[in-house]
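The values are calculated or read from the model by the stated rules, or taken from the named source; none is laboratory data. Computed from a predicted model, the values in this text were never measured in an experiment. All Cβ positions, even for glycine, are placed from backbone atoms using ideal geometry, and neighbour counts span all protein chains on display.
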Amino acid sequence: MTVFGTTAKGETVEKITIAAGDLTVSILTWGAVIQSVRLAGVDHDLTQGSDNIADYEGAMRYHGSLCGPVANRISNAKAVINGMTYELERNLNGRIFLHSGKQATHLQNWTIDSVSASSATLKIALPDGMNGLPGNRTIRVTFEVSAPANLKMTLVGTTDETTIMNIANHSYWNFDGTERWDGHEIKVAADRFLPATPEFYPTGEIVPVEGTEMDFRNLRQIAVNNPEFDNNFCVADTRRELTDVVWLRGKSGVGMVMATTEPGIQVYDGRHAIRPGHAAYEGLAIEAQFWPDAPNNPGFPSILLNSGSEYRQITEWRFSSNLDI
């Protein structure tokens, strides 16, 4: 564990490096960011990171971070919880609640709970009213590396009052070490997806992928704008046992299998995710979460979390230098 940097507010950010088998992963206390993922025998990082804390406070605030307590968009910046309407921050286009606003978990310094050679647990407390939402909430995340090259993330959230919770890791992936992800191949185990409005929240329709450009049930090569990605793929109707849902492979053969308990996978092409000194479309974000804008769509899986209940997400990434799909 080393000091990574100091935030604009003077907070010390720690960097924790964990390893097992062929995988080495670095985690920041700032935003619970996955800052680096290195695979033995591969000469480049698999995720897009930075060595500058100011980048994570600014242009890279979503790179590798845990977005919560509610990831993605709530289209009218309102949520009805137990019959009460909560007005939320309108931090996108003056009317949309995006990734929980300026007090979100990715813009805070988490506390270290425990560390070992192969695992790290961080925690954060969100007091009642923070993010415009009810409940004194506690969130813990454990990152664990295991052989041969696996990274497992376990998220546990609790509240003392009914609230909403939908957390997502927002890492960007490029397995070729190139300036753009063109030529990667992807497979997504989803037979439905959510079309999006021009402001990238769901229209409310749940559409079969059959016959559309969003049919990735079989492995397909992709390129920038072919198709455009900022959509949720419906891999299930509710949380379930850990299940393989995404396969991603670069031209180099380096790739990963992603498994999750969550019913949705948001794939984003990174058109606005520009690291200082780099260009757009450098990496693909693949975010395990519940379906976005659930409070405005009664037909979507609910993101309500009741007092006494536990939010529990498990997501796992299994990496290989020669992925066979």
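Observations
- Sole exception among (1) crowded, with 23+ Cβ neighbours inside 10 Å; (2) acidic (D, E); (3) in a strand (DSSP E or B) for E262, by number: (3)
- Within region 123-138, considering residues that are on the phi > 0 side of the Ramachandran plot and in a loop (DSSP other than H, G, I, E, B), the one surrounded by the most Cβ atoms within 10 Å (Cβ to Cβ): G135
- Given (1) in contact with a Lys or Arg (Cβ under 9 Å, 6 or more places away or on another chain); (2) touching a residue at least 24 places away in the same chain (Cβ under 8 Å), number of the condition P134 does not satisfy: (1)
- Matching entry among V245, V224 (being surrounded by 14 or more Cβ atoms within 10 Å (Cβ to Cβ), touching a Ser or Thr at 6+ places or on another chain (Cβ under 7 Å) and not acidic (D, E)): V245
- The test for being at positive phi, assigned to a loop (DSSP other than H, G, I, E, B) and touching a residue at least 24 places away in the same chain (Cβ under 8 Å) does not hold for G94.
- The single condition among (1) under 18 Å from Q266 (Cα atoms); (2) at pLDDT below 95 that R95 does not satisfy is (1).
- Number of residues in region 206-221 that are without any contact (Cβ under 8 Å) to a residue 24 or more places away in the chain, assigned to a loop (DSSP other than H, G, I, E, B) and loosely packed, with under 15 Cβ neighbours inside 10 Å equals 4.
- Taken as a whole, the structure leaves A120 outside the set of residues that are buried (at least 19 other Cβ atoms within 10 Å of the Cβ), in contact with a Pro (Cβ under 9 Å, 6 or more places away or on another chain) and in a strand (DSSP E or B).
- Residues of region 167-199 classified as buried (at least 19 other Cβ atoms within 10 Å of the Cβ), assigned to a loop (DSSP other than H, G, I, E, B), out of contact with any His (no Cβ under 8 Å at 6 or more places or on another chain) and of a type outside the set (G, A, S), total: 3
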